[in-house]
Structure formats: C-alpha cells, structure tokens
Amino acid sequence: MDSFEGVVEFVAVAESQGFSAAAKQLNCSTSHVSRQVSRLEARLGSALLARTTRMVSLTQAGQAYYLQCKDLVTGLQQANEQLSSQQYQLNGTLRVSAAGTFAEECVAPALMDFAAEHPNLQINMDFNSRKTNFVEDGVDFAIRYGKLSDSGLVARKLLDRPMMAVASPDYLHQHGTPKHPTQLRNHSCIITNNDHWLFEDAEATHNIKVNGQWQSNNAHSVITACERGLGIAYMPKLNFASAIKQGSLMPVLEPYWSKGSSSWIVYQNRRFLPLRARMAIDHLVAHFSDWQE
C-alpha cells in the first residue's frame with residue numbers, strides 16, 4: 001500500500017500546476033506536497049514533473065501517469081466523503097463569493113437554511129462582483145450571472161433568469177413609451193455591464209445598442225436611477241419586483257422581453273472541492289430546481 005503515497009499530492013500538483021496551489025487545495029504545507037511527490041518519483045524511478053522557477057509541468061511519463069491516477073483519486077475521495085457524510089456533521093468554514101440582488105435575496109436565505117441543518121458549519125459569504133481567485137481567496141464556490149468567460153472553471157447552472165424592461169411614470173410621461181425595441185435608440189437607457197440589449201419575439205431576435213446618462217454594475221443603483229427618471233432599465237425581473245409593486249416603475253416592451261441569461265455556481269476543481277461545498281451546491285441546485293422568478 002506504500003505505493004499509493006504521494007499519488008493524491010501528484011494529482012493535485014498536476015491539476016493546479018503548482019506546489020503552493022496544490023498545498024492550499026489539500027490544506028497542507030508546500031514542503032509536504034513536494035516531499036511526497038519526490039518520494040513517489042523515486043519509487044517509480046521516473047520524473048513526473050518538470051520544475052522551473054516559473055512553473056511546473058508534466059513530463060511525458062507524468063502525463064501518462066496522471067491520466068491513469070486521476071480517476072482513482074476521484075473514486076477514493078468520493079468513497080471517503082460518502083462515509084463521512086453518514087457518520088459526521090459538517091464543520092469548518094464554507095466560503096462563498098456572490099453579487100447582485102438574486103444572491104442577496106435568494107441565494108443567501110437558501111444557504112441560511114443549509115447552515116441551520118448543519119450547526120457546526122460556519123458560512124462566510126462575500127458579496128462582490130470582482131473576479132475570484134479561488135485558491136488565493138480561499139473561496140469554495142461563487143455565484144455568477146450571465147456568460148462565463150473563464151473556461152478553466154467548472155460551472156453548474158442554477159436557473160435561467162427572464163428579463164424585464166422598466167421605466168418610471170415620469171420618464172414615460174416626458175419621453176413617451178417605446179413600442180418596439182428599435183425605438184430604444186431614441187431613449188436614454190440605464191446600462192449595467194452590457195450596452196447591447198437582447199429582445200425576442202416570435203419572428204426575430206433584436207440586438208439593440210443602447211446609450212444613456214447612467215451606467216453601474218450595482219442593481220440597486222440602476223433601480224434608483226430609473227426611479228429618478230434617468231431612463232429605461234433592463235435587468236432580470238427579480239430586481240424590479242419591489243419597485244413594480246410600489247408603482248415607482250412600470251413595465252415596458254413586455255412582448256419582447258428576453259428569456260435572459262443563467263445564474264451559475266462556479267468553482268475551480270470538483271476533485272478537491274470539500275464535502276461541505278459539494279453538499280451546499282447540491283442543496284442550492286435542489287432549492288432552485290422549480291423556482292420561478
């Protein structure tokens with residue numbers, strides 16, 4: 001059985017492309033990872049990794065060995081976690097990165113329910129829209145909306161989020177109500193992260209380039225600007241629920257609203273995802289499986 005020593009550390013280094021990153025994933029020291037991999041190479045009589053001052057890469061032998069070992073490590077981890085989940089309460093700290101109204105009003109309460117089920121677990125939820133460095137920031141997973149640009153991440157879809165276009169009664173009284181998406185070119189629009197708005201009808205898709213006085217990546221700021229008459233806003237429906245109910249905003253262009261983009265759970269590597277993170281992700285997916293915005 002000694003021949004299995006160092007295999008987990010080697011797979012971690014191969015997938016994270018560094019000893020320090022692998023050590024953070026495995027919650028151990030960099031020196032331990034390096035020592036275990038070196039011992040494994042000595043037992044095999046072959047160099048598995050090519051080390052330079054800038055990077056670590058697989059040798060030809062290392063690539064072949066990694067392909068054979070990665071599924072073994074996954075199977076071992078899943079077996080251990082299945083046994084652990086049956087015997088122990090979750091503990092430690094779950095770190096989640098999120099941003100936006102949906103995360104604040106829907107994801108956070110769902111994770112509070114998860115915390116109530118596991119009283120020995122601590123949850124640290126960081127609300128920000130910056131790009132997450134999962135290893136350096138110690139984040140288990142993030143909640144993100146829209147098109148994902150980092151193909152190196154694992155993504156699991158939570159749900160699709162339909163869009164809604166709105167404006168204040170004062171704005172519509174002064175500037176008129178658009179009847180077709182192309183008329184937005186003659187209106188002031190409040191821009192979030194994208195100045196190309198997508199609308200749909202039975203016959204065509206309309207990609208409209210919009211302009212306006214106000215741009216912000218914060219939903220509350222967009223809503224406030226819209227309520228103050230700075231223009232027309234277009235975001236997922238949930239953001240406007242309270243304002244629509246209060247009458248401070250009114251729907252426009254309803255026949256053309258897009259089905260919208262998706263909200264995602266993203267993380268770096270499923271193999272080294274802690275059990276608490278796996279179970280939290282499963283909880284969120286189940287919670288939103290039949291959710292309607």
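The values are calculated or read from the model by the stated rules, or taken from the named source; none is laboratory data. It should be emphasised that the depicted structure is a prediction, and the values quoted were computed from it without experimental measurement. We place every Cβ from the backbone using ideal geometry, glycine too, and count neighbours over all the protein chains shown.
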* Within the range 96-162, strands (runs of 3 or more DSSP E) holding 2 or more residues that are closer than 19 Å to K237 by Cα and touching a residue at least 40 places away in the same chain (Cβ under 8 Å) -> 141-145, 154-161
* When the residues of the range 12-22 are filtered to those that are within 18 Å of A64 (Cβ to Cβ) and surrounded by fewer than 24 Cβ atoms within 10 Å (Cβ to Cβ), which remaining residue is nearest to the chain's Cα centre (by Cα)? -> E15
* To do: Answer yes or no: is there a residue in the range 214-221 that is under 23 Å from D160 (Cβ atoms) and outside the structural domain of R185 (by TED's automatic domain parsing).
  => no
* To do: Within the range 163-219, work out how many residues are in a loop (DSSP other than H, G, I, E, B), acidic (D, E) and surrounded by 12 or more Cβ atoms within 10 Å (Cβ to Cβ).
  => 2
* Out of curiosity, is Q68 outside the structural domain of L273 (by TED's automatic domain parsing), modelled with pLDDT of 90 or more and not hydrophobic (A, V, I, L, M, F, W, C)? -> no
* To do: Among the residues of the range 44-66, count how many are within 15 Å of G6 (Cβ to Cβ), in contact (Cβ under 8 Å) with a residue 12 or more places away in the chain and over 32 Å from the mean Cα position of the chain (by Cα).
  => 5
* Consider R276 carefully, then state whether it is in the same structural domain as G146 (by TED's automatic domain parsing) and of a type in the set (K, R). => yes
* To do: Kindly provide the set of residues from the range 181-197 that are out of contact with any helix residue (DSSP H, G or I) (no Cβ under 9 Å at 6 or more places or on another chain) and of a type in the set (A, V, I, L, M), ordered by number.
  => L184
* Filter the range 244-275 for residues that are surrounded by fewer than 21 Cβ atoms within 10 Å (Cβ to Cβ), in a helix (DSSP H, G or I) and in contact with a strand residue (DSSP E or B) (Cβ under 6 Å, 6 or more places away or on another chain) and give the result. => R270
